[in-house]
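Heads up, the thing below is written out as C-alpha cells.
Just so it is clear, none of the values below were taken in a lab; they were calculated from the coordinates. Note that the structure is a prediction, hence the values are computed from the model and not measured. Don't worry about glycine lacking a Cβ; one is built from the backbone with ideal geometry, like all the others, and counts go over all protein chains shown.
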C-alpha cells in the first residue's frame, strides 16, 4: 500500500528594512474593534528616543507609555501596556477602529544615533457598521430624498403658475393690440367717430309783384 504525501507550501514575503521596521506591514481589523499597530528596532533591544505615528486622515502625533488607556490621544489612541520604548517598541493601539482609519500609517522612531527611521503599515477595516450607524444613514438618506421631492414639487408648481399667468397676460395684450388696430389714427379720443350727413332744406322766396324765372336758394 502506497502512502500519500501532501506537500504544503507557503509564500514568504521578503522585505528589506532599515533599523526600524513594522512588525506587520499589512493589518486587517474588524470595524468597531481594537487593533494595535507596531514597529520595532531590528537591532534587538535598543532603546528608542521617541516614537510617533502619522495616520492617513488625521494629524501626526508622538506617543509613549504616558499615553495610557485612561488618557488616550483624541480619546482613541494609546500606547499598548505590554510595549516599551526602552525595548525598542514603537506602537499604538486604536480603540474602536473606524473606516476613516483605513490607509497607510507611518511609524517613526529615533535611535541613539539621533536619526529617525520610518516604516509603513497598511491598515484595512472590514465588517459592517453598527445598527445605530446604519439607522442614521438610512434616516438621513430618506430625509434627503423627501426634501428633494418637496423642493421639486414647489419648483414645478411655481413654474406652472408663472407659465399660466404669463400666458394670460399675453392673451390680454393680444386682445388690446387687436382693439387698437381697429381705432382710426386721427381720433383724438381713441374712439371711432361717425360723420352724419346734414340735409339743409331749401327756401324759395318769390316776390308777389314780379314773378321770378329762377328760384333763389338760401342756406
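Residue separation of residue 30 and residue 11 scaled by 0.36 nm, minus their Cα-Cα distance, works out to 4.4 nm of gained length. Across region 1-134, the mean sequence separation of Cα contacts (distance under 8 Å, 6 or more residues apart), normalised by length, yields a relative contact order of 32 percent.
Take the Cα radius of gyration of region 20-126 and divide it by 2.2 N^0.38 Å, N being the number of residues; the result is 0.99.
Here each label is just a point 7 Å from Cα along the line to Cβ, and for residue 61 and residue 115 those points are 3.0 nm apart.
Which FRET efficiency, nearest 0.05, do residue 71 and residue 148 yield, Cβ-Cβ r, R0 41 Å?
Details: r = 45 Å, r/R0 = 1.10.
FRET efficiency, residue 71 to residue 148: 0.35.
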